[in-house]
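The values are calculated or read from the model by the stated rules, or taken from the named source; none is laboratory data. Fair warning: this is a prediction, and the values are worked out from it, not measured in the lab. Here the Cβ is made from the backbone with ideal geometry for all residues, glycine too, and neighbour counts use every protein chain on show.
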Amino acid sequence: MPGLDDLYREIILDHYRSPRNRGELPSPPAIRVEGYNPLCGDDIVLFLDVRDGRLADIKMTGRGCSISQASASLMGAAVKGKTLEQVRDVIDTFKRLMTVHEAHLERDEEPERLDVRRLGELAALQGVVRFPVRIKCATLAWNTLAQGLEQAA
């Protein structure tokens, strides 16, 4: 779908050029967690304010390619204010979008059906699976967020 691909490309570029939730939160009380992709040099630092079982605020710094930075921005917008259970659900759904599709594409099988509408703007990143080398870029922020949630437990 060329029109949808163009829309997704615009969403990615918008989040890359004007990232949401940039900056830092005071630590403590914020949890500070770092992620690094040694394959391409992308890095991210997340600052998580977890209160009363909810991700009250999230900020991030770092640098990297358009995919890693747009994914981080989209992630922040998608999880901020949600309960930790909801955040973990979004992480799981997004990571399945990136990995399950890739595994099925390699075996030329029909991928698991995911309701990408649940992901909102995050669905813009589903095209990344066509470029397996970029999946680590798209999931860097997500893996880092999962590590941060472990510290919050």
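Quick grid of which residues meet (1) under 15 Å from Leu119 (Cα atoms); (2) aromatic (Phe, Trp, Tyr); (3) surrounded by fewer than 16 Cβ atoms within 10 Å (Cβ to Cβ):
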site: Arg17; (1), (2), (3): no, no, yes
site: Gly23; (1), (2), (3): no, no, yes
site: Pro26; (1), (2), (3): no, no, yes
site: Val33; (1), (2), (3): no, no, no
site: Leu39; (1), (2), (3): no, no, yes
site: Val50; (1), (2), (3): no, no, no
site: Gly62; (1), (2), (3): no, no, no
site: Ala72; (1), (2), (3): yes, no, no
site: Leu84; (1), (2), (3): no, no, no
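Filter segment 25-62 for residues that are hydrophobic (A, V, I, L, M, F, W, C) and assigned to a loop (DSSP other than H, G, I, E, B) and give the result.
Hits for segment 25-62 are Leu25, Ala30, Leu39, Cys40.
For segment 59-70, a tally of residues being touching an Asp or Glu at 6+ places or on another chain (Cβ under 7 Å) and touching a residue at least 40 places away in the same chain (Cβ under 8 Å) returns 3.
Only one of the listed residues (Leu145, Leu119, Leu105) is assigned to a helix (DSSP H, G or I), in contact with a Phe, Trp or Tyr (Cβ under 8 Å, 6 or more places away or on another chain) and either among the hydrophobic types (A, V, I, L, M, F, W, C) or modelled with pLDDT under 85 (or both). That residue is Leu119.
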